[in-house]
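Read-outs throughout are calculated quantities, based only on the coordinates presented, and are distinct from any laboratory measurement. This one's a predicted model, so the numbers in the text were calculated from it and none came from an experiment. So basically every Cβ, Gly included, is an ideal-geometry build from the backbone, and we count neighbours across all protein chains shown.
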Amino acid sequence: DAYLSAIRGANEKLNAYVTVTEDKARAMAKASDERLAKGDGGALEGIPLGIKDLFATKDVHTQACSHILDRFTPPYESTVTQNLWNAGAVMLGKLNMDEFAMGSSNETSYYGPVTNPWRSKQSNENLVPGGSSGGSATAVSAFLCAGATATDTGGSIRQPAAFTGTVGIKPTYGRCSRWGIVAFASSLDQAGPIARDVRDAAIMLKEMASVDDKDTTSLDRPVPDYEAAVGQSVKGLKIGIPKEYRIEGMPGEIDELWQRGIHWLKDAGAQIVDITLPHTKYALPAYYIVAPAEASSNLARYDGVRYGLREQSDDVVDMYEGTRSKGFGAEVKRRIMIGTYVLSAGYYDAYYLKAQKVRTLIKRDFDLAFENGVDAILTPATPSSAFAIDDAEMAADPVKMYLNDIFTVTVNMAGLPGISVPAGLDAKGLPLGLQLIGRPFDEETLFRAAHTIE
Ligand code: GLN
């Protein structure tokens, strides 16, 4: 009741929820109470969660905040959300996001932008919460749910977490099942939680993670008790500081935050070492080839026949064209065009194949650092704090928007786990995050180190 009334009070302003499942929430909460009365109960018994609109939820609208999935109501549940309900969690509703998870500001949503609950001390303008999981980050930050599911293809969990003072972890590729999550770029997409603190994120991830016959890229590895890692000392851990992340034009405040993080970990007993990840500078351009290429293929299924919107016509090609023209927003169309271009016969070798090779080099940089004994890598999460909704510079130049992902995309390209943890405020009083990157399937070290920083 408390969360539902908080949503009623604040959602009109924040636009974090696109669907509120009030009746379902009450029914699930009641069932949870009954289980507790009988002495049963899962790890998340009665915990009210918000679900990013990218996750298929049985009998509840799932549109990836796109017009093309108009009123689509899946007859099945995603594995990750089913895992959460099996642990006793309660669904409050579906959360706003960039259309098909393409964006870094939540402004590409068919349902309009989400407003960051944080305000600058210097001006009263509305700020973006980051994206694409902007609704998830806002709902957690504004106490409109106890935790939220999110997904991260190039930073969409970590960047909004950094912009809203919340904790977000993208686990290792394969840690969570992608089954029932609307596909953006299948080799990069991974689900994870956005939560209020590191412990909550650890508790949620434990329940979200699983191997799944329905996703052959999910891995059969035991899911550790992540909560047990929270509070463990970082003494003796080797933390790498990659010099390539000190990018040109980075605001002084971001560098200062990074230095503070280094000192906190050092004071707590970690060993700090300088490392080099020489291919970092190619990560962003390579990502913006690989991700649109996979997206253009994944989005081919939206043809007006199988799901959602259909523009009626007597001619089937006109029907496809009409549906896709009307159903996809500008950013999604841009990605489809870039993706189709880089996959086309004459350009495949020059762009797509080259980007895949660069991806291998990026992964090798990380492998080498870990082989040299580094346990985790500390970087800033974002190159700035939250910016204004309708920021003129970002709107005029999509590449400016893509630059937001400079510190986060490397992690997806290499399939590694990455966490963003709130680490302080900038001069405007806005939250900033630090990122920790870990070895494959070593989320525990990230929880340990992140808890030392928070
Ligand atoms: N901002 C990046 C993009 O637009 C990442 C999105 C994501 O992680 N889903 O592709």
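Remarks
- Shown here for the stretch 1-77: trypsin sites (Lys or Arg not before Pro) in loop regions (DSSP other than H, G, I, E, B) with at most 11 other Cβ atoms within 10 Å, namely 38, 71.
- The calculated FRET efficiency for the pair residue 244 and residue 321, based on their C-beta separation and a Förster distance of 60 Å, comes to about 0.85.
- A simple charge model with +1 on the Cβ of Lys and Arg, -1 on the Cβ of Asp and Glu and nothing else charged puts the dipole of the stretch 244-310 at about 480 debye relative to its Cα centre.
- When the charge dipole of the chain is built from unit charges on Cβ atoms (+1 for Lys and Arg, -1 for Asp and Glu) and taken about the Cα centre, the candidate among 447, 61, 345 whose Cα reaches farthest toward its positive end is 447.
- Measuring r between the beta carbons of residue 256 and residue 225 and using R0 = 45 Å, the FRET efficiency lands at 0.80.
- Remark: spin-label model distance residue 330-residue 313 equals 2.3 nm, labels positioned 7 Å along the Cα→Cβ axis.
- For residue 214, the aspartates and glutamates whose Cα comes closer than 16 Å to its Cα, not counting residues fewer than 8 places off in the same chain, are 77, 189.
- Rounded to two decimals, the Cα radius of gyration of the stretch 202-324 over 2.2 N^0.38 Å is 1.72.
- Working from label points 7 Å from Cα in the Cα-to-Cβ sense, the residue 123 to residue 22 distance is 3.7 nm.
- Here each label is just a point 7 Å from Cα along the line to Cβ, and for residue 43 and residue 59 those points are 2.7 nm apart.
- Residue-span extension gain [residue 33 to residue 361] - 0.36 nm each, minus C-alpha spacing: 112.9 nm
- Across 206/235; 235/357; 30/52; 94/354; 24/121, pairs whose alpha-carbon gap is larger than 28 Å: 235/357; 94/354; 24/121
- The chymotrypsin sites (Phe, Trp or Tyr not before Pro) of the stretch 335-400 that meet both conditions, a loop assignment by DSSP and at most 15 other Cβ atoms within 10 Å of the site Cβ, are 347.
- Kirkwood-Stokes translational diffusion coefficient of the chain, alpha-carbon pairs, 4 °C, 1.567 mPa s, µm²/s: 59
- Shown is the FRET efficiency for residue 281 and residue 372, computed with R0 = 22 Å from the Cβ-Cβ distance and rounded to the nearest 0.05: 0.60.
- Sites listed here are GluC sites (Glu not before Pro) in the stretch 161-267 whose DSSP assignment is loop and whose Cβ has at most 13 other Cβ atoms within 10 Å: 248.
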